[in-house]
Amino acid sequence: MFKNLMHHYLHSNRIDDVSRFSFLIKLEENYLCLNQIDVSQLPSLFNLSVLNLYSIEIVVISPLKPLVNLKELALGLIDISDISPVESLLNLQILYLGSNQRVDIAPLAILTKLQEL
């Protein structure tokens, strides 16, 4: 059921386990902001082009490295300091980092397709 789902909008739904969505292999857009998820479960969603993790309680974003198809990533209000894992996302065009206080954007220089920061 729903195996062809391409867009997933689950704002503020108290979701803490995204592994149950791993069968959604066609999923392109995933909006999980204001949930309490474990981002290490996201790499199974390798077709994602849009991922919104605004206000998710995470410390490291390294589990996002395999999501190389991402074109848009929202990491606002997360309070991360190391965004170097984002440099593997070479297709990234839009990156939202709003309300993060200690972010060094130097690792983003490699992202030649980045249009909006």
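The values are calculated or read from the model by the stated rules, or taken from the named source; none is laboratory data. Just so it is clear, the model here is predicted, and its values are computed rather than measured. A quick note on method: Cβ atoms are made from the backbone with ideal geometry, for glycine too, and the neighbour counts reach across all protein chains shown. These area figures cover heavy atoms from the full protein model, side chains too; ligands, DNA and RNA do not enter into them. Shrake-Rupley method; radii C 1.70, N 1.55, O 1.52, S 1.80 Å.
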Point to revise | Selection within the stretch 52-71 - open to solvent by 10 Å² or more (accessible area, probe 1.4 Å) and under 14 Å from CYS33 (Cα atoms) | key: ASN52, TYR54, SER55, GLU57, ILE58
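Listed here are the residues, each with its yes/no results for (1) more than 20 Å from CYS33 (Cα to Cα); (2) out of contact with any helix residue (DSSP H, G or I) (no Cβ under 7 Å at 6 or more places or on another chain); (3) assigned to a strand (DSSP E or B).
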residue	(1), (2), (3)
LEU77	no, yes, no
GLU87	yes, no, no
ASN91	yes, yes, no
ARG102	yes, yes, no
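At pLDDT 85 or above, closer than 19 Å to HIS11 by Cβ and surrounded by 14 or more Cβ atoms within 10 Å (Cβ to Cβ), is that true of LEU111? Please lay out each step first, then the result.
Numbers: at pLDDT 85 or above: yes; closer than 19 Å to HIS11 by Cβ: no; surrounded by 14 or more Cβ atoms within 10 Å (Cβ to Cβ): yes.
When the stated conditions are applied, LEU111 does not pass them.
Looking at this structure, is LEU77 open to solvent by less than 60 Å² (accessible area, probe 1.4 Å) and either over 19 Å from GLU29 (Cβ atoms) or touching a residue at least 12 places away in the same chain (Cβ under 8 Å) (or both)?
Working: open to solvent by less than 60 Å² (accessible area, probe 1.4 Å): no; either over 19 Å from GLU29 (Cβ atoms) or touching a residue at least 12 places away in the same chain (Cβ under 8 Å) (or both): yes.
Answer is no for this residue.
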Revision key, fill the gap. Note on the stretch 20-36: residues touching an Asp or Glu at 6+ places or on another chain (Cβ under 8 Å) and open to solvent by 10 Å² or more (accessible area, probe 1.4 Å) are GLN36
Review point. Across the stretch 1-19, which residue is farthest from LYS65 (Cα to Cα) among those that are open to solvent by 70 Å² or more (accessible area, probe 1.4 Å) and either touching a strand residue (DSSP E or B) at 6+ places or on another chain (Cβ under 7 Å) or among the aliphatic types (A, V, I, L, M) (or both)?
Key: MET1
Check your understanding: Any residue in the stretch 1-18 that is modelled with pLDDT under 85, among the basic types (Lys, Arg), farther than 19 Å from LEU117 by Cβ and in a helix (DSSP H, G or I)?
Key -> no
Check your understanding: What number of residues in the stretch 57-74 are free of Cβ contacts under 8 Å to residues at least 24 places away in the same chain and in contact with a helix residue (DSSP H, G or I) (Cβ under 9 Å, 6 or more places away or on another chain)?
Key -> 6
